[in-house]
Structure formats: C-alpha cells, structure tokens
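Student: I have a structure I would like to understand better, so I am pasting it below and will then ask my questions one at a time.
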Amino acid sequence: MFQRSDNTIRRAALLLLAALMMFQGGFVSAVPGSQKTNKGRKAKHRKIAPDLDQQIADSSGKLSSGRLRPVILQLDDFTTEAAARNAIALLGGRVRRFHNKFRLMTVELKNSRVRDLEADDNFTRVSPDREVTSQGHLEVTTAAAQARTVVNNSTLDGSGVGIAILDSGIDASHQLLAGTGGSRVVYSQDFTSDNITGDTYGHGTHVASLAAGAGSFENGAYTGVAPGASLINLRVLGDDGRGSASNIIAALDWCIANKDAYNIRVINLSLGSI
C-alpha cells in the first residue's frame with residue numbers, strides 16, 4: 001500500500017493526467033477507487049470509454065484481421081500487477097507497460113476481447129491509447145486575435161513597429177521568425193562579453209516567438225501577438241541565461257538613442273534580479 005505522502009502525490013498526478021487526456025468521455029477516474037466496486041459485484045457504470053466502444057463497433061466487420069488494439073487500463077485498488085498481467089494473458093493480450101505509480105497499464109488486445117474487460121473486477125476503466133499532438137493557442141490565450149478585430153475588424157499585426165528583445169539573444173534563422181524578405185530580426189547587438197548575437201541559451205528566441213511568431217508557420221498554430229513586427233535583438237544574457245544590470249542599462253540606453261531609426265515602440269525584458 002502507498003504511504004500517505006505517496007498517495008497524495010499519486011492522486012494529484014492522476015488529476016493532472018485526467019485533465020491532460022480528457023477527451024470524448026474521459027480517460028481515467030480522477031481519484032483511484034472513486035468508481036471502485038466490491039469484489040464479485042458488477043460495476044454500475046460502463047468501464048469502456050464511449051469513443052473506444054464506438055471504435056470497436058465501427059470495426060466489428062474487421063475482427064477477423066486479428067489486429068491488436070492498444071488500450072489503457074486502470075486497475076482496481078486491490079488488484080496486484082501479477083493478477084492484472086494474468087488477466088490480460090487469459091484474454092490473449094500483450095502488456096506493453098505497467099505504470100505502477102498511476103495504477104495503470106497499457107496493453108494490446110483484439111477488438112473482440114476488449115469488451116470482456118467489462119466484467120473483470122481487476123479493472124475499473126478501459127480507454128483507448130489516444131493520439132496526442134502538440135497544440136498552439138497563443139492568440140486565443142492572450143486575446144490577440146480578438147484585439148485585432150476591435151477597430152472595424154482590422155487586422156492589426158504590429159507591422160512597422162519595432163520590438164526590442166533584451167534577453168539571451170535570438171536565433172534569427174528560426175522559422176517562427178521568418179518574414180517575406182527573410183528574418184524579421186532587423187538588428188542584433190551583443191552587450192555581454194561573448195561577442196555573439198545568437199541564442200545559445202534559448203530563452204530569447206522563445207520570448208521573441210511569443211511576441212512576433214509568424215502566422216505562416218504550422219498554419220498559424222503558433223502565431224505571436226504581433227506577427228508583423230520587426231525584432232531588435234539585444235543580447236544581455238550569456239550562455240547560462242545570466243547577465244548584469246549594467247548590460248541591461250547599456251541596452252536600454254541604446255534603445256533610447258535608436259528608437260526612431262527602428263520605430264521601437266515596445267521593449268521586452270523577461271528577466272529579473274534577486
């Protein structure tokens with residue numbers, strides 16, 4: 001049995017996992033045992049996720065193919081790993097992984113045997129091993145897309161505006177920062193002693209993409225707040241993401257002196273000091 005601290009961590013992790021994977025009827029119950037039934041008593045709920053049940057129904061004419069389907073099972077609190085593995089073996093399945101801390105296991109079963117798990121008290125939930133993809137939603141999260149339509153449905157995108165990024169440098173070749181004539185990084189200067197303007201640390205490029213990520217990359221999935229803006233790369237942090245106050249002062253001084261030349265309207269400093 002888990003000690004209290006482990007059980008608390010496990011419950012919190014399952015809540016996070018459930019929130020991450022929730023789709024078309026859910027993934028696992030948020031708290032282990034929340035849908036537990038007494039041994040020998042049939043569960044009052046359907047264990048099989050609705051989308052998995054539908055997938056099985058849709059492929060009912062293909063059962064003779066013998067193709068194994070990957071599914072994720074949640075174990076009853078009193079089920080041992082050995083008992084779970086034995087149950088899957090009896091169904092002619094194959095165990096891919098046993099996720100001990102989550103009381104989950106990933107297995108492969110024939111479509112014809114997945115529904116047999118409904119009557120197996122060793123398991124409380126049966127879900128498909130759903131495909132997961134990366135998602136970008138910066139415009140929605142920041143309300144940038146909505147803001148662009150405030151003034152007579154305009155398409156404000158920062159064109160003509162210069163954004164000075166005081167950070168660890170910018171990878172000017174990154175696809176997210178591409179413009180019609182090449183990179184939208186129009187000027188770069190190093191204020192550290194490294195004598196480079198690239199981004200060996202990574203943070204500056206990340207910040208620059210949030211501010212002005214191109215709408216042409218991945219069908220606009222990672223469009224920044226101002227995708228048409230020009231970027232001024234002022235490197236004030238070194239390879240380890242650290243710098244000095246004097247570096248920043250020098251970069252700010254440069255911004256004031258050159259604000260008209262590059263129409264610097266925004267200065268971004270995603271950094272701090274103790």
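The values are calculated or read from the model by the stated rules, or taken from the named source; none is laboratory data. Because the structure is a prediction, the values reported are computed rather than measured. With ideal geometry, Cβ positions are generated from the backbone for all residues, glycine too; neighbour counts draw on all protein chains shown. Each accessible area value is taken on the protein alone, full model and side chains, heavy atoms only, with ligands, DNA and RNA left out. Shrake-Rupley method; radii C 1.70, N 1.55, O 1.52, S 1.80 Å.
Student: So what are the range 47-129's ellipsoid semi-axes, whole angstrom, largest first, if each one is the square root of 5 times an eigenvalue of the alpha-carbon gyration tensor?
Tutor: In descending order, the three semi-axes are 21, 13, 11 Å.
Student: From the protein chains alone at 1.4 Å, what is the descending order of accessible area for Glu139, Glu218, Glu81, Glu108, largest first? Write down the numbers at each step before the final one.
Tutor: Values: Glu139 45, Glu218 115, Glu81 75, Glu108 20 Å².
Largest accessible area first, the residues go Glu218, Glu81, Glu139, Glu108.
Student: Let me ask something additional. Under a crude label model (7 Å from the Cα following the beta-carbon direction), how far is Glu108 from Val95 in nanometres?
Tutor: The answer from the label model is 1.6 nm.
Student: Still on this structure, please answer the following. Find, to one decimal place in angstroms, the Kirkwood hydrodynamic radius of the range 150-274, where the mean of 1/r is taken over every pair of different Cα atoms and then inverted. Present the calculation step by step, with values, prior to reporting the outcome.
Tutor: Working: mean 1/r = 0.0688 Å⁻¹.
So the Kirkwood estimate lands at 14.5 Å.
Student: Nearest 20 debye, what's the magnitude of the dipole of the range 129-274 about its Cα centre given +1 on Lys and Arg Cβ and -1 on Asp and Glu Cβ?
Tutor: Rounded to the nearest 20 debye, it is 440 debye.
Student: To continue, here is another question. Per residue, how much accessible surface does the range 153-203 expose to a 1.4 Å probe? Answer in Å², no decimals.
Tutor: Ligands and nucleic acids excluded, the result is 51 Å² per residue.
Student: When the chain is fully extended, how far beyond the present Cα-Cα distance does Asp239 get from Val132, taking 0.36 nm per residue of separation?
Tutor: Computed gain between Asp239 and Val132 is 35.2 nm.
Student: With label points built 7 Å along Cα→Cβ from the Cα atoms of Val266 and Ala143, find their separation and express it in nm.
Tutor: My value for the distance between the label points is 1.5 nm.
Student: Related question: Using R₀ = 25 Å, calculate the FRET efficiency as 1/(1 + (r/R₀)^6) where r is the Cβ-Cβ separation of Asn258 and Ala221; round to 0.05.
Tutor: Computed FRET efficiency for Asn258 and Ala221: 0.15.
Student: In what sequence, largest accessible area first, do Thr133, Thr205 appear using a 1.4 Å probe?
Tutor: Ranking Thr133, Thr205 by accessible area, largest first, yields Thr133, Thr205.
Student: Rounded, prolate or oblate: pick one for the range 64-220, where a ≥ b ≥ c are the square roots of the eigenvalues of its C-alpha gyration tensor, a/c under 1.5 means rounded, and failing that, prolate if a/b is larger than b/c, else oblate. Let's see the in-between values first.
Tutor: Values: a/c = 3.59, a/b = 2.51, b/c = 1.43.
Verdict is prolate for the range 64-220.
Student: A follow-up question, please. Would you calculate the separation in nanometres between label points at Ile274 and Thr200, each defined as 7 Å from the Cα along the Cα-to-beta-carbon direction?
Tutor: Simple spin-label model gives 2.4 nm for this pair.
Student: Where does each of Lys259, Lys101, Lys47 land when they are ordered by accessible area, with a 1.4 Å probe and the largest first?
Tutor: Most to least solvent-accessible, the answer reads Lys101, Lys259, Lys47.
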